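Read the structure below first, then the notes.
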Amino acid sequence: MSADPTYGFDTLQIHAGARPDPATGARQVPIYQTTAYVFRDADHAAALFNLQEVGYIYSRLTNPTVAALQERIATLEGGAGAVCCSSGHAAQIMALFPLMSPGMNVIASSRLYGGTVTQFSQTIKRFGWSATFVDFDDHDAVKAAIDDNTRAVFCEAIANPGGHITDLDAISAISDEAGIPLIVDNTSATPYLCRPIEHGATLVVHSTTKYLTGNGTVTGGCVVDSGKFDWAANDKFPSLSEPEPAYHGLKFAETFGPLAFTFHGIAIGLRDLGMTMNPQAAHYTLMGIETLSLRMDRHVENAMKVAKWLEDDPRTDYVTYAGLPSSPYAKLVPKICPKGAGALFTVAVKGGYDACVKLVDSLEIFSHVANLGDTRSLIIHSASTTHRQLTAEQQEAAGAGPGIVRLSIGIEDADDLIADLDQALAKATA
Ligand SMILES: *Cc1c(COP(=O)(O)O)cnc(C)c1O
């Protein structure tokens, strides 16, 4: 550990994972722009390849800049270890890969990032996996959906696009009872607002593309392992509990204990799927995380002001921000994300599809982009973009119907954001 894990969040977001460079004393984490690493001798190389010694072999597997980021995110999430990868979607596959096999299923929330709905409802079928989508506010339905072939439960802490909050304690109680890991996508909340492992999550996945990097420069993902799940408790997770032929019959759970999932992610996942994060991306994300708490506080403060203003405006029907006292999710905020409900929500605009499209085109400060968690304020009409591949029913279930726009509130002056929305709403509803 480079930083005492009992330090406060603001200290850890700067220091965790980062030590002065042993070769040069460089204070900032260097970008180790190298593919390979020289072995001390043949025995050293053999020990590394046998997983008997931890070290650097080849940057598809491990890289010092990426390792610093992995340690920082694991520390901020309160996890045992983490594996970074090339995007948030890569992280989702990396999280499921050790758990699933043909015929197995994941129980997923119906309120997820649109791309995840597509990945889970279409693409993973090619691997012989399937997803069952359930309303995660209906805890009995989640319980009922789990069967003998279920290998994971998956949800977002603050759900895209509506900013709805998932009762992680209730969901983890259900997954625990079934002996199944809970995977929480913590992209929209970040570990500053929500720490899913404290609410029973087994794995936490991130699109580091969003708030962690914070300024829309690089894509990346991360899988954090709580280190708390007993993979050998039954025969459901043979990749982790049974002998691995590619490593002379080594059993990951037995050999690596709480780091089993992380080692598997590197030694099998990155080695064979190759969804590796590059050191440049890790550098940008390390820079971003240094100011995470400062940005998140401002994101939340601005989101609250903008959401209140929009809710009171007669040109809107409703605003889904969980930070508003009127939200059915408001009561979950102190429990799940005590520092605020994030900065992502949807607005129903009077005038439906046409008014939404006009609003998007009339805004000046807000950028019309398929992204969130930028310092800049962003807007998207989900039904014509990110959620376009979904059926009308899926769109409604995901809170992305035709008359709804999604806002990602940035850290500009809130008054400027409100003025921009005011002039654009005037044009949209004229
Ligand atoms: C963006 C996003 C993803 C996908 O991440 P990429 O980095 O774009 O692959 C997954 N989940 C959530 C909640 C997201 O916002």
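Structure notes:
- Checked against (1) more than 16 Å from the ligand (Cβ to nearest atom); (2) outside any loop (DSSP other than H, G, I, E, B); (3) under 28 Å from Ser226 (Cβ atoms), Leu51 passes all but a single condition, namely (2).
- Within the range 371-385, the only residue that satisfies the criterion of being in contact with a Phe, Trp or Tyr (Cβ under 6 Å, 6 or more places away or on another chain) and part of a strand (DSSP E or B) is Ile379.
- From the options Ala90, Ala67, residue that is among the hydrophobic types (A, V, I, L, M, F, W, C) and within 14 Å of the ligand (Cβ to nearest atom): Ala90
- Note on the range 386-415: residues that are surrounded by 13 or more Cβ atoms within 10 Å (Cβ to Cβ) and in a helix (DSSP H, G or I) total 5.
- Some residue of the range 378-398 being more than 16 Å from Thr320 (Cα to Cα), within 14 Å of the ligand (Cβ to nearest atom) and among the hydroxyl-bearing types (Ser, Thr, Tyr): yes
- Residue in the range 105-116 that is in contact (Cβ under 8 Å) with a residue 12 or more places away in the chain, surrounded by fewer than 24 Cβ atoms within 10 Å (Cβ to Cβ), more than 16 Å from the ligand (Cβ to nearest atom) and not β-branched (Val, Ile, Thr) present: yes
- Test: residue in the range 63-70 that is in a loop (DSSP other than H, G, I, E, B), closer than 30 Å to Trp129 by Cβ and in contact (Cβ under 8 Å) with a residue 60 or more places away in the chain: yes
A quick yes/no check of all residues on (1) touching a residue at least 40 places away in the same chain (Cβ under 8 Å); (2) under 28 Å from Ala67 (Cα atoms); (3) more than 15 Å from the ligand (Cβ to nearest atom); (4) not β-branched (Val, Ile, Thr):
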residue: Lys143; (1), (2), (3), (4): no, no, yes, yes
residue: Asn149; (1), (2), (3), (4): yes, no, yes, yes
residue: Pro161; (1), (2), (3), (4): yes, no, no, yes
residue: Cys194; (1), (2), (3), (4): yes, yes, no, yes
residue: Ser207; (1), (2), (3), (4): yes, yes, no, yes
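- Checked against (1) of a type in the set (Ser, Thr, Tyr); (2) within 16 Å of the ligand (Cβ to nearest atom); (3) part of a helix (DSSP H, G or I), Thr217 passes all but a single condition, namely (3).
- Scanning the range 370-390 for residues that are β-branched (Val, Ile, Thr) and within 23 Å of Asp297 (Cβ to Cβ) turns up Thr375, Ile379.
- The range 173-192, residues that are crowded, with 24+ Cβ neighbours inside 10 Å and more than 10 Å from the ligand (Cβ to nearest atom): Ser175, Pro181, Leu182, Ile183, Val184, Thr190, Pro191, Tyr192
- The number of residues in the range 1-23 that are more than 18 Å from Ala82 (Cα to Cα), loosely packed, with under 13 Cβ neighbours inside 10 Å and either at pLDDT below 95 or acidic (Asp, Glu) (or both) comes to 4.
- When residues in the range 364-377 are screened for being hydrophobic (A, V, I, L, M, F, W, C), surrounded by fewer than 22 Cβ atoms within 10 Å (Cβ to Cβ) and away from the ligand (no atom under 16 Å from the Cβ), 1 of them pass.
- Remark: pairs (first residue in the range 174-186, farther than 13 Å from Ser109 by Cα and touching a residue at least 40 places away in the same chain (Cβ under 8 Å); second residue outside any helix (DSSP H, G or I) and within 11 Å of the ligand (Cβ to nearest atom); Cβ separation under 7 Å; 6+ apart in sequence or on different chains) = Asn186/Ala157; Asn186/His206.
The values are calculated or read from the model by the stated rules, or taken from the named source; none is laboratory data. Remember, predicted model here, so these are calculated numbers, not experimental data. Note that each Cβ is placed from the backbone with ideal geometry, even for glycine, and that neighbours are counted across all protein chains shown.
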